[in-house]
Amino acid sequence: MIGLILPAADFVAPKIEYTELMPMLVVFGAACVGVIAEAFLPRALRHVAQLAITVVAILAAGVLTGLLINDNKELIAAQGAIAVDGPALFTWMILLALTLISVLLFAERSLDGGLSAFASQAAAVPGSEAEREGTAARIEHTEIFPLTLFAVGGMMLFASANDLLVLFVALEVFSLPLYLLCGLARRRRLISQEAAMKYFLLGAFASAFLLFGIALLYGYAGTMSLGGIADTLGKNTGGETILLAGTGLVGVGLLFKVGAVPFHNWTPDVYQGAPTPVTGFMAACTKIAAFIGLMRVFYVALGGTRWDWAPMMWVVAILTMVVGSIVAITQTDVKRMLAYSSIAHAGFLLTAFVGLAQAGSGVHNGITSTQAVLFYLVSYGFSTIGAFAVITLVRDASGEATHLSRWAGLGKKSPLLAGIFAFFLLSFAGIPLTAGFTGKWAVFSAAWSGGAWPLVVVAVLSSLVAAFFYVRVIVLMFFSDLPADAPDVALPGWQTTTAVALGLAATVVLGLVPGPVLDLAARAGEFIR
Amino acid sequence: MKIGWLTLLLLLPLVGALGTMAVPKAKALLSKQVALGFSLVTLVLTAIVAVGYHQNGAEKYNETHTWIKAFGANYALGLDGVGIILVVLTALLTPIVIIASWNDADGGRWSSKSFFAWILVLEALSIGVFSATDVFLFYVLFEATLIPMYFLIGGFGGPQRSYAAVKFLLYSLLGGLLMLASVVGLYVLSARAGDPSYLLTDLIKLDISQNTERWLFLGFFFAFAVKAPMVPFHTWLPDAAGEATPGTSVLLVGILDKIGTFGMIRFCLGLFPEASKWATPVVLVLALISVLYGALVAIGQTDIKRLIAYTSISHFGFIVMGIFALTSQGLTGSTLYMFNHGLSTAALFLVAGYLISRRGSARIADYGGVEKVAPVLAGTFLFAGLSSLALPGLSPFISEFMVIAGTFSNHKVIAVIAVFGIVLAALYILLMYQRTMTGPVREGIEKLKDLNKREILAIVPLVVLIIGLGIFPKPIVDIIKPAVESTMQRVGVTDKAPEIPVTEGQK
């Protein structure tokens, strides 16, 4: 290799569309600033400073994204690496909004004796003297804020990646901070660390699948760009085996992040072990980014072979809905139950994805798959973060009381909190006049429009099973007796209050007047190449 | 923005529910008065609307506003003969139930004001369901009615109430979700034909292929059959009605279950006429089974409330039979039956509730000789029972006769077998009366108090209406008739024997 001399080519500076990429650059930039601040600011100032940096960065990025949406910007930026199109901008917007709410939850310090939900010293052995000292000294890991910014930046990149390599890089950029965040719980540190470990190992495994799939697709098409792969498909050059194997492996990698069966095994453990605010953040934002990434790859690059991969996705969608709903029934932990519920929701989303209802396909004037998925993700995201925020409030001496039996009679103790949680559950169950119903309706009609009506029938039956376990919690909260040692309902600080209120407001509004958001999702249009 | 009459009818009970909840806990009496006041004002307004409808027709009451454009969903309310009858029934039964249940929710786990607030919410949603002219709006309200009913059953009632509430909810959701699939299917068809719209007036113009129509019909029909309830989807009703308070049972059987039969007329016949004709044989047989099975099982019941629930299953069999007989007489009879069944079952449940609250047991075997101790109670019980078994001269007789006569002209065998349902009805009612009210006074019954003024006040309007409409049903039949005619026209059937006029025939 030493003697290899590259032919001298003129260096052409890559053209970067800074305006269009600014939201992402702001987030990444702020994350770097956060790292520096962490190193140089005195400990007492860090919490405030980091929170301010994060919130300002997210707001600024949100405003910039809003401007881009307003300008109807649609282009392939950064030499074909990133697609700044309607769905991408819409996804950025919801990611930023949901991250803002999550960051508020991260910053909550009034629930656990003035301490946040995160470990004081992640390196200290659980139960050791060092841990106690750290807690007593009120040390905090304020790194969670830059980590969150890196994660959300990676998610934004993932949702707009127009190139398989960028897709992979983005996947790692948002996954690594999440692995760390998962392991940082202050309470029940062992299962938190176990969750982080599991998530990391399984995530690495899935990344390997994705990478292998990318390699095969590159082998088939000779290009990494999604548009390029689509063009090669059109030329019918042979080598279908590699193409199909690549499609399958890329599918595995992406479906893992989505949390679809049979690649879902990490979800319950990680959701249960991670600090609850992080669980909410992951449940909402990871799902959003992963779904949009999945749709982009399969619609843009592999749209030409949809008849090859659609049957696989049908099977996955059915499995995901059925397994998610049925296994959720047996759960005894609120967070695990919501984890399986999130799996079932992934299944409902997959029905719209498989439905392939696209605008301008001639047979269809109604709702498109992209529109339905985007809307569903908005409604699901807000309800999910709201629900996990409620979970952080039900506590006893050992931290959050997440075992379902501990929730018995909560409606007696705190009718407001139990009522709000019941409302979120009704929304998850898809009862009309909640956001969940509108979302379900949208994905089902997109699925049916694309001819996937058997999926719709499976979906409504799974919804019934799902309704059972949601309703069971409502029964428990309202119709059971309050035990003597019932957990307390902590008085939330402004951060959690705001998060719950926003989640609730979104769930109500999207249930009653979903029109504006649906129109925005429609305006987002289709993925571009 | 001008608020339409129907929106007002819908909003008023909702405001009342909020008002009831706003009353401080210590003033339980005030919260009941607020709830009663709002339900009475709603009743008065409904009466005004009904009179206006009778005189000037339906146009004045139509409201249409775009709701969710992307879904083609509209906030569209309107009335037809079937709808107005059921709106009136809802508005009528709500204050009666509130008066009759005045003390039923006291001392329970939940404050009594939430009981009355949920009743008002249920009233509002039911009025909405009966007047929705947009399928999406109908579906939303149809499912939304489950929530107040769920809390009414689960929050107030017998020891097994939370089991009964969940069973009720899951059965209803099963039906509702299958209907959701059909509702989504309608949207897809509508979107393929042009701009999606859920308005009934737009949907009936759709050209649906035979196969699709049948599948969509099945989705809707299943939901309504669970709701109505028809055998074999009925098992939730005895549990729910047996565990709930009598007032809740009245609302459940008298109003909520009517959504099922109402939906069959408005949506199954209205949207899928061909499929309805196709399904007629099966539906009629199921209805017949409901009539006989409900009646037979009722005879064997040992629990008064469960017995009444099974009588309702039998009655709903008659209603469905009249609807799917596809004759104008049968349809008119069924619609009238919905109203009369609401009255007679309400009377039966409420008086049974009075009885049960005095003795603290719903077992028939715990009673005996009540008529010697509490003659007024026994008398109203007998009256309610007789109206339930369709004694000539009382209003249910007319509707039952019309249903059977209407069925007879198209399906003789089924009508003949169904007549046995009437015989069985006499059996289950009179046996129950005999066991509880006559004979020697049983232990624990000696000091049974007779009805007080409040309890009588709740029953009197029902008694008056049952007798009045039994003698002179013309006003209601006049309101129903145009709606029935347009439904018949839509389905494309005509009566076989038009020489028998519908209204004059039976009197």
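Values as computed for the structure displayed
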item	result
Matching residues in segment B:232-279 - criterion: being surrounded by fewer than 24 Cβ atoms within 10 Å (Cβ to Cβ) and of a type in the set (Asp, Glu)	B:ASP239, B:GLU274
Single condition B:PHE233 does not satisfy, out of (1) aromatic (Phe, Trp, Tyr); (2) away from every other protein chain (no Cβ under 14 Å); (3) not in a helix (DSSP H, G or I)	(2)
Scope segment A:381-398; condition hydrophobic (A, V, I, L, M, F, W, C) and assigned to a helix (DSSP H, G or I); matching residues	A:PHE382, A:ILE385, A:ALA387, A:PHE388, A:ALA389, A:VAL390, A:ILE391
Qualifying residues in segment B:160-189 (those that are over 19 Å from A:GLY439 (Cα atoms) and within 8 Å of chain A (Cβ to nearest Cβ)) - the one surrounded by the most Cβ atoms within 10 Å (Cβ to Cβ)	B:ALA165
Residue ranges of helices (runs of 4 or more DSSP H) in segment A:33-149 with at least 3 members acidic (Asp, Glu)	A:129-136
Residue list for segment A:510-519, restricted to those being within 8 Å of chain B (Cβ to nearest Cβ) and among the aliphatic types (A, V, I, L, M)	A:VAL513, A:LEU518
Some residue of segment A:368-375 being in contact with a Ser or Thr (Cβ under 9 Å, 6 or more places away or on another chain) and surrounded by fewer than 24 Cβ atoms within 10 Å (Cβ to Cβ)	no
A:ILE528, sole failed condition from (1) part of a helix (DSSP H, G or I); (2) away from chain B (no Cβ under 14 Å); (3) over 25 Å from A:SER405 (Cα atoms)	(1)
Test set (1) modelled with pLDDT of 90 or more; (2) over 25 Å from B:ASN340 (Cα atoms); (3) not basic (Lys, Arg) - B:GLU59 fails condition number	(1)
Residue within segment B:131-144 that is under 22 Å from B:VAL231 (Cα atoms) and within 19 Å of the chain's Cα centre (by Cα) present	yes
Some residue of segment A:406-421 being of a type in the set (S, T, N, Q), surrounded by fewer than 24 Cβ atoms within 10 Å (Cβ to Cβ) and closer than 26 Å to A:ALA490 by Cα	yes
Helices (runs of 4 or more DSSP H) enclosed by segment A:214-283 - at least 3 residues per element that are surrounded by fewer than 24 Cβ atoms within 10 Å (Cβ to Cβ)	A:226-235, A:240-258, A:266-273
Residue in segment B:21-32 that is touching a Leu at 6+ places or on another chain (Cβ under 7 Å), of a type in the set (Val, Ile, Thr) and either assigned to a helix (DSSP H, G or I) or within 14 Å of chain A (Cβ to nearest Cβ) (or both) present	no
Number of the exception - B:THR201 against (1) among the polar types (S, T, N, Q); (2) more than 21 Å from the chain's Cα centre (by Cα); (3) within 14 Å of chain A (Cβ to nearest Cβ)	(3)
Entirely in segment A:399-509, the helices (runs of 4 or more DSSP H) that have 3 or more residues that are facing chain B (nearest Cβ under 10 Å)	A:415-429, A:435-449, A:453-479
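The values are calculated or read from the model by the stated rules, or taken from the named source; none is laboratory data. All figures in this text were calculated on a predicted structure; none of them were measured in a lab. Cβ sites come from the backbone with ideal geometry, for glycine too, and all protein chains shown count toward neighbours.
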